[in-house]
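To start, the structure under review is shown below, and the notes come after it.
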């Protein structure tokens, strides 16, 4: 890939002696990369139009005629001589590395060759004498200095290789070293069979839930050893992609899988492929590359990195992926240049994947997302199986009916759009503040998910079961965001919620999250636990427990809340040092004090409590018999015609064929009666949200 930020050729050779040889202007770097005609101006017209930095290329005019033919038949040029000397140095340095810098073979130089032949009769003579080793190193260093001081011409590819600006990105990418890094560097972890095993792990665990590639093309490349799409062998795009796949697979692998594939611990495997992936992305010049495959590798690298690093490093680097994607026009639904239907579909998948990471990072940090909701809605991928599309297809991609390879991704796309609209910051979008309209957004998600899951088989196919569980969790979490927003707004007054229904819904989310982590049917996708962290449901549940008045209710929900509190601490962004966890600890301390108070008034000691364990919760369900108000539909609006119209729109949740009804809290919500200004349940949660942003300010000041 071209490095458009490297010094100009004239600047690089400014230290060389002036020559009278005339220079000729060639096609600039960007036009050569884009394979378009360049007018060879400085800057050229194409670069001016795109606002890019034009890097002109010029060289000495080659000899022509009889002198040119003689030069071609003559001795090797200085450029060829430099290549040969560099090759010799590489061989010597490789020899040094293989022998640990000690037992250098006597074939290094003619002088050492002669000394070795004379001492071949003795085993001790096989070891180089100090003066031989020193002379070998001295000669190597002398040749390096000679090459550096040589002022001969350097080809474009060699200039790019010698320029270290692209490799500086490796320092930008580098994450904190994983445990066992030094051990990983000393083990031969690279084997063809082992890497094919990692590819299979990726295709089973990551590809179904993070649809960024075309699976048949990826299988052909990684498992069959064939070229990737239309890339030529040796291109950095497929190389960076393969290493990112191996890194992501290593992060999702179990200890047993790591031992069986490579005979090493998982930490060693992760560390090794982390370094390899970082180096490949840096060498591919991912920051300025126009290659979509390299951007795919970078986005996958960020996904895998988040499982190893809970700090805001990934959140910060994601902004680079967004800007690179915009530079490649991934955000535009109507492209100004021709694109194949297959490539258009992959572009949309990649853009949606960046949006998914964006909303997840936003939720982890309780901050604003970077992407606007219309960027996602106007450029949606098709709900289609990978087997229905191919690289050479010439017709537009059509949506398929039923459960497809993209169903999980489409459900998450709908969820991230609604979550953006329910945020209160108005940073990228004008968010919805009216409680009735916020409720409708949550119901819209249920309707979309119900349609997509209509033909799924959760009792037969584990991934269908997993998708259904995730959809239910998202649906319940969306209802909580409607009633307990992620950001504070002085104009929002939440509606009154009867009884402990809000607590039930919050605890139901925590239980579903625990099921996704522990149920054997969800084992392949258990690595997703670091992406779907229900800290918001945990905060709502604890805030409700702080105002609990009955010991029986407290003990019914306490165990699951306390268990999830202990479990989620290491999964929340920045862990126990982050801006979310400190307010969470403060809120939990209030709940523990309330529980102690209830035990004191009831004269029962906590450890002697005989209350039954928390039963499985589904939450109140609107679609139960006898609880469905009549509803009239008009377009996309729902107008209630039953007796509860004055207190807000009555709702009927969408039907699901062969599936149980959606968990819902709406029956307990009175939209016509706002909460009192001093209601402690709401005040506890509002104080928690304020503490999050106050803690963020303290974090910034402390650094």
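We did not get these values from a lab; they are worked out from the coordinates using the rules stated. Since the model is a prediction, treat every value here as computed from it, not as a measurement. Here Cβ is always computed from backbone atoms with ideal geometry, including for glycine, and neighbour counts include all displayed protein chains.
Numbers at a glance
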{"item": "Full-stretch length increase - residue 387, residue 190 - with 0.36 nm per residue and alpha-carbon distance subtracted", "result": "67.8 nm"}
{"item": "Förster radius 56 Å - calculated FRET efficiency between residue 603 and residue 343, Cβ distance, rounded to 0.05", "result": "0.20"}
{"item": "Förster radius 30 Å - calculated FRET efficiency between residue 690 and residue 670, Cβ distance, rounded to 0.05", "result": "0.70"}
{"item": "Stretch gain in nm, segment residue 570-residue 39, where the contour uses 0.36 nm per residue and the Cα spacing is subtracted", "result": "185.5 nm"}
{"item": "At R0 = 41 Å, FRET efficiency that the Cβ-Cβ distance of residue 260 and residue 454 yields, to 0.05", "result": "0.55"}
{"item": "Proxy reagent accessibility, fewest Cβ within 10 Å first, across 487, 395, 214", "result": "395, 487, 214"}
{"item": "Contour minus Cα-Cα distance for residue 585 and residue 200 (0.36 nm per residue)", "result": "134.5 nm"}
